[in-house]
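Here the structure comes first, spelled out in structure tokens, and everything after it is commentary.
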Amino acid sequence: MNQNAPAPERIAARVSIIGEDTPIRRALPSRARRMVGAWCFLDHAGPVQFAPDDGLHVGAHPHIGLQTFTWMIEGELMHRDSLGNAQIIRPGQVNLMTAGRGIAHTEDSVNDGGRLHAAQLWIALPDGERFRAPAFDHYPQLPGKPLDGWQVTLLAGRALGLEAPTRIYSPMVGMDWTCENAARAVLPLEAGFEYAAMVLRGQAHIGGELLTPGELLYFAPGGQSLEIASDAACQVLILGGEPFGEEILLWWNFVARSQAELQAALDDWESGSERFGKVHPGSRAAPLKAPALDGVRLKNA
């Protein structure tokens, strides 16, 4: 980072549970940092080895006002949704579901007894896009390049002369940096973007700061470049984007702008409204029940 840039913030992820009993590290949102650009949610799942009769099984649940973004590192998951899609995601692939005005889906391990390692992210849709028709996109191949010992895969946006095909609606970027031996490279930063880094395996020095799994390192706008270095095998997720210029409400699986919107979405889900449709059958897990909707305060970066 250049000397005039603000010092980075170190944010501890908290352990939570998804599916029936799968622990994850949740880095966004947190009390310290709600968003990084339009990225408003980040779970680091695994790496975990399931027992022979166990796997990840997340029952039908709804979304509004956001995109779900799954980056698969190990294992295979089956996505099913209320648009009729049934798609397996494998390592090196991205599933991107645009909830818009409303969609429901399930996620299940293809085979119990396997491994799972993935990053699950959400992207808040800007006001002009958040009521769009729901959609689902699968990206089996993403652009990448070697860089001074690293293999960089571009997941979203533009960087390093690459452009990802993933359909996004805000100025933002997502990258996976992987090395199997010592590596050291410099990432030029986009003017006006804020950035965050999370180590998925190994350890790395990001902007001179040692980072290991379980923490998020946040960099405010103002930096010109970021050095990413490791002495051994390592994998780092880099996120960035223009600060999201809208206040949002993030509650359960919904992103909205008012309590009334949240209540309407909850009522539609609990009543079985056509708004969310019916999920393609196949998941063994029961549909999810929402927690009680009390007062929800505005959350932004």
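One residue is enough: does the range 247-254 have a residue meeting the conditions in contact with a Pro (Cβ under 9 Å, 6 or more places away or on another chain), surrounded by fewer than 22 Cβ atoms within 10 Å (Cβ to Cβ), part of a strand (DSSP E or B) and at negative phi? Within the range 247-254 (the criterion being in contact with a Pro (Cβ under 9 Å, 6 or more places away or on another chain), surrounded by fewer than 22 Cβ atoms within 10 Å (Cβ to Cβ), part of a strand (DSSP E or B) and at negative phi), the answer is yes, since at least one residue qualifies.
Candidates are the residues of the range 268-301 that are outside any loop (DSSP other than H, G, I, E, B) and either of a type in the set (A, V, I, L, M) or within 24 Å of the chain's Cα centre (by Cα) (or both); the one that is modelled with the highest pLDDT is Trp269. Going residue by residue through the range 137-153, is there one that turns out to be more than 23 Å from Arg10 (Cα to Cα) and crowded, with 22+ Cβ neighbours inside 10 Å? Checking the range 137-153: at least one residue is more than 23 Å from Arg10 (Cα to Cα) and crowded, with 22+ Cβ neighbours inside 10 Å. Here is a list of conditions, (1) out of contact with any His (no Cβ under 7 Å at 6 or more places or on another chain); (2) part of a strand (DSSP E or B), and Glu107 meets all of them except one; can you say which number that is? Checking Glu107 against (1) out of contact with any His (no Cβ under 7 Å at 6 or more places or on another chain); (2) part of a strand (DSSP E or B), the one that fails is (1). Looking across the range 89-147, the residues that are in contact with a strand residue (DSSP E or B) (Cβ under 7 Å, 6 or more places away or on another chain) and polar (S, T, N, Q) come down to Gln93, Asn95, Thr98, Thr106, Ser109, Gln120. Here the range 2-59 is the region considered, the condition is being closer than 29 Å to Val186 by Cβ and of a type in the set (Lys, Arg), and the residue that is surrounded by the fewest Cβ atoms within 10 Å (Cβ to Cβ) is Arg10.
The residue that is nearest to Asp81 (Cα to Cα), among those in the range 266-293 that are surrounded by fewer than 16 Cβ atoms within 10 Å (Cβ to Cβ) and among the charged types (D, E, K, R), is Lys278.
Only one entry in Val236, Val199 is in contact (Cβ under 8 Å) with a residue 60 or more places away in the chain, buried (at least 22 other Cβ atoms within 10 Å of the Cβ) and under 20 Å from the mean Cα position of the chain (by Cα), namely Val236. Annotation note: of Glu242, Glu274, Glu227, Glu261, the sole residue that is acidic (Asp, Glu) and within 28 Å of Pro91 (Cα to Cα) is Glu227. Of the residues making up the range 48-100, those that are closer than 22 Å to Ile168 by Cα, without any contact (Cβ under 8 Å) to a residue 60 or more places away in the chain, in a strand (DSSP E or B) and not hydroxyl-bearing (Ser, Thr, Tyr) are Met72, His79, Gln87, Ile88, Ile89, Asn95, Met97. The range 126-239 holds strands (runs of 3 or more DSSP E) entirely within its bounds, and those carrying 2 or more residues that are closer than 23 Å to Ala27 by Cβ map to 150-156, 172-188, 194-201, 204-206, 209-211, 215-219. For beta carbons closer than 9 Å, sequence separation of 6+ or different chains, a first residue in the range 8-29 that is touching a residue at least 60 places away in the same chain (Cβ under 8 Å) and among the hydrophobic types (A, V, I, L, M, F, W, C) and a second that is in a strand (DSSP E or B) and surrounded by fewer than 16 Cβ atoms within 10 Å (Cβ to Cβ), the qualifying pairs are Ile24/Val15; Ile24/Ser16; Ile24/Ile17; Ala27/Ala12; Ala27/Arg14.
The values are calculated or read from the model by the stated rules, or taken from the named source; none is laboratory data. If you're wondering where the values come from, they're calculated on a predicted model, not measured in any experiment. All Cβ positions, glycine included, derive from the backbone under ideal geometry; neighbour counts span all protein chains shown.
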